[in-house]
Amino acid sequence: MSSMKLGVNIDHVAVLREARRVNDPDILNALFIACQSGADQITIHLREDRRHIQDVDAYNIMKHSTMPVNLECSINRSILNIVTDLKPHRATLVPEKREEVTTEGGLDVIKYEDEISYAIELLHDYIIPVSLFIDPTIEAVEMSKKLGAEMVELHTGSFANIYAMLNSSLSYSNHSIKELQLPRHELAIKLEKSITAIKEAAKHAKKIGLEVAAGHGLNYNNVDEMMKIAEITELNIGQSIVARSVFSGLADAVKEMKRLTTR
Ligand code: PXP
């Protein structure tokens, strides 16, 4: 039995659909195929700007999913009202900026302590467990516990960026990350440090009674590093699975990720 849960994030299926504003590809097909192919959970992000998942998608997914639904959302009041109406199996609070391409960095749990505390209390009133998407630091983990979250999701974006600059062709592409254009030995040191930070944050979170997930930028190459961290019991993965599905189909893409994330 696997002790790792795979949450498949299908936002990017909606990105493709919204590019044409038609109902193709159909988000519910993605839900059913992910479910049949080994996903343990479906993850969606109802963004304030509705750039991919729409309200109707969230309602339909809640209605038809036979898997738990992990709904990512900001602490914006009008979004929280939709979440309390939807009553997902879990809400994951994430930071949101309109101008970003994707969620950059974890929640600032110190700066937004009051707002996050309000959101957690509200969600708990509706019996919705809460996960906080945070940077892998001991301070953020401690604060998440203090705020009353049941779970943390450690942001693996920084690890994934360094991994890609070191081990893929990213550094030769238009999307090369300027601040990571460093000699290879320096990148290797940074990569080790980023893994250590995730490991220590995960250990500490488990020690103080939080469940531990990880996500962002995880793919078929780098996911193995996360599999070595016993305290992590859930991974939420979207972009790499949907990207692979363009070539191999969603079913095979999910099955292969499930194979790689089975302990
Ligand atoms: N987890 C959280 C909290 C996220 O915000 C995202 C991106 O929406 C993911 C996981 C999935 O990230 P990716 O699409 O890079 O796999």
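How many residues, within the stretch 81-105, are out of contact with any Leu (no Cβ under 6 Å at 6 or more places or on another chain), modelled with pLDDT of 95 or more and outside any helix (DSSP H, G or I)?
Residues flagged as out of contact with any Leu (no Cβ under 6 Å at 6 or more places or on another chain), modelled with pLDDT of 95 or more and outside any helix (DSSP H, G or I) within the stretch 81-105 amount to 5.
Confirm whether ASN174 is outside any helix (DSSP H, G or I), of a type in the set (S, T, N, Q) and away from the ligand (no atom under 16 Å from the Cβ).
yes
Every residue, every condition in (1) in contact (Cβ under 8 Å) with a residue 40 or more places away in the chain; (2) within 15 Å of the ligand (Cβ to nearest atom); (3) buried (at least 16 other Cβ atoms within 10 Å of the Cβ); (4) more than 21 Å from GLY215 (Cβ to Cβ), yes or no:
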| site | (1), (2), (3), (4) |
| --- | --- |
| SER37 | yes, no, yes, no |
| ASP49 | yes, yes, no, no |
| HIS52 | yes, yes, yes, no |
| ALA58 | no, yes, yes, no |
| GLU72 | yes, yes, yes, no |
| GLY106 | yes, yes, yes, no |
| VAL109 | no, yes, yes, no |
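What's the number of the only condition in (1) touching a residue at least 40 places away in the same chain (Cβ under 8 Å); (2) within 16 Å of the chain's Cα centre (by Cα); (3) more than 26 Å from VAL22 (Cβ to Cβ); (4) within 12 Å of the ligand (Cβ to nearest atom) that ALA164 fails to meet?
Unmet for ALA164, out of (1) touching a residue at least 40 places away in the same chain (Cβ under 8 Å); (2) within 16 Å of the chain's Cα centre (by Cα); (3) more than 26 Å from VAL22 (Cβ to Cβ); (4) within 12 Å of the ligand (Cβ to nearest atom): (2).
Search the stretch 126-147 for residues being in contact (Cβ under 8 Å) with a residue 24 or more places away in the chain and of a type in the set (D, E, K, R), and hand back the single one that is surrounded by the most Cβ atoms within 10 Å (Cβ to Cβ).
Among them, the one singled out is ASP135.
Could you tell me which numbered condition LYS193 fails, if it satisfies all but one of (1) assigned to a strand (DSSP E or B); (2) more than 16 Å from the ligand (Cβ to nearest atom)?
Exception for LYS193: condition (1).
How many of the residues in the stretch 6-24 are within 16 Å of the ligand (Cβ to nearest atom) and either assigned to a loop (DSSP other than H, G, I, E, B) or aliphatic (A, V, I, L, M) (or both)?
Selection size over the stretch 6-24: 7.
Yes or no: SER117 surrounded by 15 or more Cβ atoms within 10 Å (Cβ to Cβ), within 22 Å of VAL141 (Cβ to Cβ), touching a residue at least 24 places away in the same chain (Cβ under 8 Å) and more than 16 Å from the ligand (Cβ to nearest atom)?
In short, yes.
Got at least one residue in the stretch 53-66 being touching a Gly at 6+ places or on another chain (Cβ under 6 Å) and modelled with pLDDT of 95 or more?
The answer is no; no qualifying residue exists.
With the requirement that a residue be of a type in the set (Lys, Arg) and touching a helix residue (DSSP H, G or I) at 6+ places or on another chain (Cβ under 7 Å), what does the stretch 183-218 give you?
ARG184, LYS190
Somewhere in the stretch 229-245, is a residue within 20 Å of VAL15 (Cβ to Cβ), among the small types (Gly, Ala, Ser) and away from the ligand (no atom under 16 Å from the Cβ)?
No: the stretch 229-245 contains no residue that is within 20 Å of VAL15 (Cβ to Cβ), among the small types (Gly, Ala, Ser) and away from the ligand (no atom under 16 Å from the Cβ).
When the stretch 231-259 is examined, which residues are found to be surrounded by fewer than 18 Cβ atoms within 10 Å (Cβ to Cβ) and closer than 22 Å to ARG90 by Cα?
GLN239
The values are calculated or read from the model by the stated rules, or taken from the named source; none is laboratory data. Note that the structure is a prediction, hence the values are computed from the model and not measured. Neighbour counts run over all protein chains shown; Cβ positions are idealised from the backbone, glycine included.
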